[in-house]
1. Consider region 529-583. How many of its residues are under 20 Å from Leu596 (Cα atoms), buried (at least 16 other Cβ atoms within 10 Å of the Cβ) and β-branched (Val, Ile, Thr)?
2. For region 618-634, check the following and say yes or no: at least one residue is closer than 20 Å to Ala491 by Cα and either of a type in the set (Gly, Ala, Ser) or touching a residue at least 12 places away in the same chain (Cβ under 8 Å) (or both).
3. How many of the residues making up region 26-48 are assigned to a strand (DSSP E or B), open to solvent by less than 20 Å² (accessible area, probe 1.4 Å) and farther than 25 Å from Ala355 by Cβ?
4. Give the residue that is farthest from Pro638 (Cα to Cα), with candidates limited to residues of region 459-469 that are open to solvent by less than 40 Å² (accessible area, probe 1.4 Å) and in contact (Cβ under 8 Å) with a residue 40 or more places away in the chain.
5. So, Ile643, is that one surrounded by 22 or more Cβ atoms within 10 Å (Cβ to Cβ), of a type outside the set (S, T, N, Q) and more than 25 Å from the chain's Cα centre (by Cα) or not?
6. Given the criterion in contact (Cβ under 8 Å) with a residue 60 or more places away in the chain and under 30 Å from Met754 (Cβ atoms), identify the matching residue among Val440, Val445.
7. Give the residue that is nearest to Asn220 (Cα to Cα), with candidates limited to residues of region 234-277 that are open to solvent by 80 Å² or more (accessible area, probe 1.4 Å) and of a type in the set (Asp, Glu).
8. When you go through Val572, Val606 one by one, which is the residue that is over 36 Å from the mean Cα position of the chain (by Cα), in contact (Cβ under 8 Å) with a residue 40 or more places away in the chain and in a loop (DSSP other than H, G, I, E, B)?
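The values are calculated or read from the model by the stated rules, or taken from the named source; none is laboratory data. The shown structure was predicted, so the numbers you read here are calculated from the model rather than taken from an experiment. Cβ placement follows ideal geometry from the backbone for every residue including glycine, while neighbour counts extend to all protein chains displayed. Note: accessible area is taken over every heavy atom of the protein model, side chains too, but ligands, DNA and RNA are not part of it. Shrake-Rupley method; radii C 1.70, N 1.55, O 1.52, S 1.80 Å.
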Amino acid sequence: MNYSIETITTLMGAHRVGSVDTHIDWLLIDSRSLTFPEETLFFAIRTHKNDGHRYIPELYRRGVRNFVVSQLPKNPENDANYLVVPSPMKALQRLAERHREEFNIPIVGITGSNGKTIVKEWLYQLLSPDFNTTRSPRSWNSQIGVPLSVWRLSEQTELGIFEAGISEPGEMEALRDIIQPTIGVMTHLGSAHDENFGSREEKCREKLRLFHDAKVLIYNADDELVQTCIDASHFKGMLIGWHRADFSDLPFIDAASIEDVIHCICVCRYLGLSESVIRERLPRLQPVAMRLEVKEGRNDCTLITDTCNSDLGSLEIALDFMHRRPDANGRQRTLILSDIQQTGLTLTVLYGRVAELARQHGVTEFIGIGAEVSAGMSCVAEGARPVVLHLFENVDSFLQSAVFQRLQDRVILIKGARDFHLDRITDALVQRVHETILEVNLSAVVNNLNYYRSFMRPDTKMICMVKASAYGAGAVEIAKTLQDHHVDYLAVAVADEGAELRRAGITANIMVMNPEMNSFHTLFEYHLEPEVYSFRLFDALRQAAEREGITNFPIHVKLDTGMHRLGFDACVQPAVDGALPEITALIERLHSQKALIPRSVFSHFVGSDSDDFDAFSERQWTLFRTAADQLQAAFPHPIMRHICNSAGIEHFPERHCDMVRLGLGLYGINPRATGQGGGSLIPISTLKTTILQIHDVPATDTVGYSRRGHLTRDSRIAALPIGYADGLNRHLGCGRGYCLVNGQKAPYVGNICMDVCMIDVTDIDCREGDTAIIFGPELSPTVLSDTIDTIPYEILTSVSPRVKRVYFVD
């Protein structure tokens with residue numbers, strides 16, 4: 001549906017400044033996702049971490065002319081509309097609410113702790129053959145995600161399916177008014193966000209507010225707490241409370257999937273689907289793809305895959321993800337897409353939109369798989385679609401074609417419905433390596449970044465440590481994600497690490513913490529800013545810069561306030577022998593030349609991870625502040641200060657200064673909460689492998705080299721294709737450590753070998769090919785490090801380069 005700017009102003013109750021007549025199709029809250037500027041309305045939402053008003057000038061330059069603001073720019077543009085409201089986020093919600101009221105159709109609202117997205121996607125699979133369905137993209141269930149989802153309702157929509165998620169009291173009322181569900185589904189009530197509610201019962205009551213005006217509520221009546229809360233709510237509509245004992249012959253065996261599928265069956269029955277149709281469709285339910293994956297492919301290709309569903313909403317999200325990831329080599333962007341089904345649009349209209357989306361997101365080559373996409377794209381005018389167009393009836397014909405053989409040096413998005421088996425294309429293109437992989441959750445990176453930003457003032461800058469290949473996770477992809485989320489600085493250990501990031505397209509400021517004497521030319525060539533910690537390094541760097549005619553090259557001055565590792569002595573008092581304090585001598589040297597200029601001054605807390613060292617931290621803080629003040633007083637330009645590491649960000653918010661440095665916490669391990677994820681932190685890396693073989697070994701035998709693996713009973717011993725050459729520490733062997741197989745502990749047996757290790761799975765129901773988790777969210781690296789008396793940094797950074805990294809976005 002297309003609204004005039006005048007209508008939108010009225011619907012939101014805004015004050016309009018500007019008189020440009022236009023119509024709006026697209027709502028935008030993230031400037032990086034801009035696609036159709038002329039038809040876009042940007043909401044300048046303020047959060048404790050950011051302010052959308054900052055991006056208005058940039059968006060105006062990119063063609064946006066319509067803005068929802070809480071304050072006008074100092075110099076409003078004459079050819080733009082500014083809709084002034086008290087809160088742009090509330091205005092977004094109000095607009096979505098008014099839009100929802102235009103539709104008299106069944107709307108399914110889903111909430112709960114677990115299973116919301118799976119129930120939504122399975123309902124879509126079951127009902128889309130009968131209803132033209134609009135649903136929430138992925139997990140868009142927040143105060144912002146819900147209104148953006150509901151905005152997608154169109155004149156073709158016959159059924160809406162939206163999920164609602166809350167994390168604290170008082171949030172559900174706004175989501176209820178936006179979704180206005182006619183059919184309610186309460187999924188499993190678990191422990192998520194319990195800490196924000198007085199009790200589990202209070203959380204349940206808050207979630208049930210979503211269904212206040214629904215015609216029917218579907219729920220698990222075996223859950224006594226849910227049943228009690230519903231009884232107390234005096235719900236006025238129809239109640240469909242189901243019992244597990246009433247359902248048999250379901251195509252699942254795990255409890256979570258059984259609960260989710262019963263919810264779906266009840267919704268389908270209520271909407272009139274026959275038992276025979278439901279029974280026919282249930283076995284065809286496909287696992288829900290909750291993520292995009294980034295993989296290294298053959299022939300210098302990078303693959304971005306989502307081969308489980310295909311619709312315009314998820315296509316736009318995937319294209320946006322590809323478009324926002326920098327590529328220094330300027331590689332061609334290719335989209336491989338299957339038919340998009342059950343949209344209610346004609347092929348000409350549907351694939352006209354697909355072509356426009358692809359072109360707007362920089363796709364230059366389009367490969368269609370299927371009869372409908374081939375027919376639809378053939379009707380799109382040549383200038384309105386990607387430059388290169390290849391169309392194939394099915395996957396087989398594509399894999400046998402010369403087009404497939406020529407795929408090289410590209411970024412390729414593979415997107416399609418599971419029925420088209422596009423995963424076969426991924427299998428044919430992916431780079432074949434070891435069965436052991438390190439999965440890296442880029443959404444967790446963003447979660448952890450925002451967790452620490454929540455402790456910071458909006459104007460405090462952030463440095464993120466990506467040294468040692470981003471603590472083993474892979475510096476390039478981590479850096480791309482951080483750059484996409486406006487991190488101010490990245491920090492590496494040596495210049496070569498920074499040069500690698502520059503070659504990969506990273507344009508953010510990069511600090512080099514340990515610059516080597518032979519790396520100065522690399523620093524200058526790739527615009528890398530070095531830490532300077534000694535007069536020897538200062539003089540050598542100055543001379544190298546002067547030889548190349550460089551002036552005002554930024555450096556970061558390191559002060560030693562108690563770590564006694566690297567740095568100029570922070571003491572400002574003269575030495576006993578009358579020698580100048582090092583900070584005074586450094587100021588004199590800086591003033592005597594023009595090659596180098598101090599960009600920041602910093603130090604490092606020794607013990608911010610423990611309250612036991614607070615007195616020493618106070619001493620460090622005093623030394624740092626005094627020396628930094630003296631340095632700043634000697635120069636007219638601002639010199640940024642930073643001393644807080646991950647633990648310091650949380651422990652010393654009053655000492656954030658101009659900038660903070662985020663290291664271990666970014667990767668999901670809180671140094672102030674040993675052995676825990678630390679509040680809202682999520683470990684980003686999961687090292688996993690597969691069981692190669694299982695042997696039955698009698699108690700009288702031994703396992704592994706030097707007969708070190710002694711058994712106390714007849715045992716089932718599994719071999720895993722991971723060893724110390726992959727980063728699995730040998731000290732975990734002989735029963736000291738364990739991995740997880742199907743959620744259960746499997747201790748290592750005998751010595752860990754170079755490429756293989758053995759585990760005891762006697763008491764675990766498993767088979768060859770099952771997954772073993774070495775570490776991850778379920779088994780923290782801290783557990784491994786504590787076992788062998790080391791630190792989690794060593795566990796993370798020891799993962800070998802030969803272990804394939806797979807990146808995904810939830």
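1. Residues in region 529-583 being under 20 Å from Leu596 (Cα atoms), buried (at least 16 other Cβ atoms within 10 Å of the Cβ) and β-branched (Val, Ile, Thr): 5 in total.
2. Residues of region 618-634 closer than 20 Å to Ala491 by Cα: none.
No: region 618-634 contains no residue that is closer than 20 Å to Ala491 by Cα and either of a type in the set (Gly, Ala, Ser) or touching a residue at least 12 places away in the same chain (Cβ under 8 Å) (or both).
3. Of region 26-48, the ones assigned to a strand (DSSP E or B) are 26-28, 40-43, 46.
When the remaining residues are screened for being open to solvent by less than 20 Å² (accessible area, probe 1.4 Å), the result is 28, 40-43.
In the following step, the residues that additionally are farther than 25 Å from Ala355 by Cβ were identified as 43.
Number satisfying all stated conditions: 1.
4. So the first thing to find is which residues in region 459-469 are open to solvent by less than 40 Å² (accessible area, probe 1.4 Å), and the list is 460, 462-466.
Filter once more, keeping what is in contact (Cβ under 8 Å) with a residue 40 or more places away in the chain: 460, 462-465.
Working: Thr460: 14, Met462: 17, Ile463: 17, Cys464: 21, Met465: 23 Å.
Ranking the candidates gives Met465 first.
5. Values: surrounded by 22 or more Cβ atoms within 10 Å (Cβ to Cβ): yes; of a type outside the set (S, T, N, Q): yes; more than 25 Å from the chain's Cα centre (by Cα): yes.
Considered against the rule, which asks whether it is surrounded by 22 or more Cβ atoms within 10 Å (Cβ to Cβ), of a type outside the set (S, T, N, Q) and more than 25 Å from the chain's Cα centre (by Cα), Ile643 comes out as yes.
6. Working: Val445 fails: under 30 Å from Met754 (Cβ atoms).
Among Val440, Val445, only Val440 is in contact (Cβ under 8 Å) with a residue 60 or more places away in the chain and under 30 Å from Met754 (Cβ atoms).
7. Across region 234-277, the extreme among qualifying residues is Asp246.
8. Working: Val606 fails: over 36 Å from the mean Cα position of the chain (by Cα).
The conditions single out Val572.
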